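Student: One structure is given below, represented as structure tokens, and several questions about it will come after.
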Amino acid sequence: GAVVSQHPSWVICKSGTSVKIECRSLDFQATTMFWYRQFPKQSLMLMATSNEGSKATYEQGVEKDKFLINHASLTLSTLTVTSAHPEDSSFYICGAGTGGNEQYFGPGTRLTVT
Amino acid sequence: EDQVTQSPEALRLQEGESSSLNCSYTVSGLRGLFWYRQDPGKGPEFLFTLYSAGEEKEKERLKATLTKKESFLHITAPKPEDSATYLCAVQEIGNEKLTFGTGTRLTIIP
């Protein structure tokens, strides 16, 4: 149980284009979804928190117009990186909360911007 | 602001050599302390949640313990497949957000 999927698992895009990453909870309803970014040999840094049907809450220093988050249903959240630049290259991971304490993570999406 | 510090940053052990990983934390009110395992290029895999000082949980060769200021992840007679980065995270009362430490990269040498 508590399986979270992400798609795509890796993506390469050109500078200036937009990329959408999907996160799905497969066998439970996620009341809250979290988006993290992880740079090599560093820990997970929370970017934003989203609840189904409401606007996402962004962490300090994260540009909300650049990282668009949509939490369309209790099983799906999307992160769109708009006008991507090489410095946005990173490993993006979503976490899904059940409303209890635990948070379960997707396998991550490796984004490379050329 | 919640803070989580893990040590050591990296640890190399011979197969069968037991050791402990440390996670020190400061949080205004602890809702839960979490241990995750992360393999390279993968998302974190949930291991344990601890809620109160004195609590212990075990899973195979791993045992997690909690005090008011730190948590330990004890690994007994580790095998090469235990090699991974182990992440500690805290959750504050009234908040679902997790604050992660920087992790311990564990390597078990056959």
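The values are calculated or read from the model by the stated rules, or taken from the named source; none is laboratory data. Remember, predicted model here, so these are calculated numbers, not experimental data. Cβ placement follows ideal geometry from the backbone for every residue including glycine, while neighbour counts extend to all protein chains displayed.
Student: Among the strands (runs of 3 or more DSSP E) lying completely within the stretch B:71-110, list those that include at least 1 residues that are over 14 Å from the mean Cα position of the chain (by Cα).
Tutor: B:84-92, B:104-109
Student: So, one more: Take residue B:65 and tell me if it is outside any loop (DSSP other than H, G, I, E, B), within 12 Å of the chain's Cα centre (by Cα) and either more than 11 Å from every other protein chain (Cβ to nearest Cβ) or among the acidic types (Asp, Glu) (or both).
Tutor: Numbers: outside any loop (DSSP other than H, G, I, E, B): yes; within 12 Å of the chain's Cα centre (by Cα): yes; either more than 11 Å from every other protein chain (Cβ to nearest Cβ) or among the acidic types (Asp, Glu) (or both): yes.
Answer is yes for this residue.
Student: Step by step: first the residues of the stretch A:8-33, then only those that are more than 12 Å from chain B (Cβ to nearest Cβ) and of a type in the set (S, T, N, Q), then the one that is surrounded by the most Cβ atoms within 10 Å (Cβ to Cβ). Which residue is that?
Tutor: Here the answer is A:25.
Student: Continuing with the same structure: Report, by residue number, each residue of the stretch A:34-45 that is within 10 Å of chain B (Cβ to nearest Cβ) and either crowded, with 20+ Cβ neighbours inside 10 Å or in contact with a Ser or Thr (Cβ under 8 Å, 6 or more places away or on another chain) (or both).
Tutor: Hits for the stretch A:34-45 are A:34, A:36, A:38, A:42, A:43, A:44.
Student: Identify the residue in the stretch A:54-81 that is more than 29 Å from residue B:1 (Cβ to Cβ) and either of a type outside the set (S, T, N, Q) or not in a strand (DSSP E or B) (or both) and, among all such residues, is modelled with the lowest pLDDT.
Tutor: So the residue we want is A:72.
Student: Which of the residues belonging to the stretch A:26-76 are of a type in the set (Phe, Trp, Tyr) and either free of Cβ contacts under 8 Å to residues at least 60 places away in the same chain or closer than 22 Å to residue B:101 by Cα (or both)?
Tutor: Within the stretch A:26-76, A:34, A:35, A:36, A:39, A:58, A:67 meet the criteria.
Student: Taking the conditions exactly as written (within 14 Å of chain B (Cβ to nearest Cβ) and at pLDDT 95 or above), does residue A:108 satisfy them or not?
Tutor: When the stated conditions are applied, residue A:108 passes them.
Student: On to the next question. Select from the stretch B:1-46 the residues that are part of a strand (DSSP E or B), of a type in the set (A, V, I, L, M, F, W, C) and surrounded by 13 or more Cβ atoms within 10 Å (Cβ to Cβ) and list them in ascending order.
Tutor: Step one: list which residues in the stretch B:1-46 are part of a strand (DSSP E or B), which gives B:3-7, B:10-14, B:19-26, B:30-38, B:45-46.
The next check asks that each one be of a type in the set (A, V, I, L, M, F, W, C); those that pass are B:4, B:10-11, B:13, B:21, B:23, B:30, B:33-35, B:46.
If the condition is that a residue be part of a strand (DSSP E or B), of a type in the set (A, V, I, L, M, F, W, C) and surrounded by 13 or more Cβ atoms within 10 Å (Cβ to Cβ), then B:4, B:11, B:13, B:21, B:23, B:30, B:33, B:34, B:35, B:46 are the ones that fit.
Student: Checking residue B:28 against (1) modelled with pLDDT under 95; (2) at positive phi: exactly one of these is not met. Which one?
Tutor: Here residue B:28 meets the rest and fails (2).
Student: Test residue B:58 against the stated conditions and say whether it is surrounded by fewer than 22 Cβ atoms within 10 Å (Cβ to Cβ), out of contact with any Lys or Arg (no Cβ under 9 Å at 6 or more places or on another chain), closer than 15 Å to residue B:20 by Cα and more than 8 Å from every other protein chain (Cβ to nearest Cβ). Outline the logic, then answer.
Tutor: Details: surrounded by fewer than 22 Cβ atoms within 10 Å (Cβ to Cβ): yes; out of contact with any Lys or Arg (no Cβ under 9 Å at 6 or more places or on another chain): yes; closer than 15 Å to residue B:20 by Cα: yes; more than 8 Å from every other protein chain (Cβ to nearest Cβ): yes.
For residue B:58, the condition - surrounded by fewer than 22 Cβ atoms within 10 Å (Cβ to Cβ), out of contact with any Lys or Arg (no Cβ under 9 Å at 6 or more places or on another chain), closer than 15 Å to residue B:20 by Cα and more than 8 Å from every other protein chain (Cβ to nearest Cβ) - is met.
Student: Let me ask something else about it. If I go through the stretch A:74-93 residue by residue, how many of them are buried (at least 22 other Cβ atoms within 10 Å of the Cβ) and at the interface with chain B (Cβ under 8 Å from one of its Cβ atoms)?
Tutor: So the answer is 1.
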